[in-house]
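Input: a single structure, listed below in structure tokens.
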Amino acid sequence: MNSQNKSVFEKTVACPSASTLLSYRTKELPKELLTLVRLHLSACEFCSAELALLAYHKAPRKRDYKAPEIPMNLRILAESLLCQSNKREVAAEGLLSVKEVNAQE
């Protein structure tokens, strides 16, 4: 087999992103872009395969994402460290003396 005739199965810079392919699948792209992606898919085996895999993708619902609760002991530690850091920054700017910062801690 001649390596010159071997096709490479990989995403190139000309390929649309996965998010663009998802939008194509749900027809959420402008008409012109839908046409461009359709033309690309007719010539690109990789993107055609990727689009087939993306058919199994379920769009996340906004309510599915909730910020995780921070354990209270970590929250107290973080607030304490941030407060100390802010005081040191103020001291470094010359607004408080190091003695005043240490007295406040």
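The values are calculated or read from the model by the stated rules, or taken from the named source; none is laboratory data. Note that the structure is a prediction, hence the values are computed from the model and not measured. Every residue, glycine as well, gets a Cβ built from its backbone with ideal geometry; the counts of neighbours run over all protein chains shown. The protein model used for the area step is the full one, side chains on, heavy atoms only, and it has no ligands, DNA or RNA in it. Shrake-Rupley method; radii C 1.70, N 1.55, O 1.52, S 1.80 Å.
Just to verify a result, which residue in segment 27-53, among those that are surrounded by fewer than 10 Cβ atoms within 10 Å (Cβ to Cβ) and not in a helix (DSSP H, G or I), is modelled with the lowest pLDDT? Here the residue is LYS27. Looking at this structure, is ALA14 assigned to a loop (DSSP other than H, G, I, E, B), exposed (fewer than 14 other Cβ atoms within 10 Å of the Cβ) and modelled with pLDDT of 90 or more? Taking the combined requirement at face value, the residue satisfies it. Please enumerate the residues belonging to segment 54-69 that are at pLDDT below 80, assigned to a loop (DSSP other than H, G, I, E, B) and either open to solvent by 90 Å² or more (accessible area, probe 1.4 Å) or among the aromatic types (Phe, Trp, Tyr) (or both). Once the filter is applied, which keeps residues that are at pLDDT below 80, assigned to a loop (DSSP other than H, G, I, E, B) and either open to solvent by 90 Å² or more (accessible area, probe 1.4 Å) or among the aromatic types (Phe, Trp, Tyr) (or both), segment 54-69 yields LYS58, ARG61, TYR65, LYS66, PRO68.
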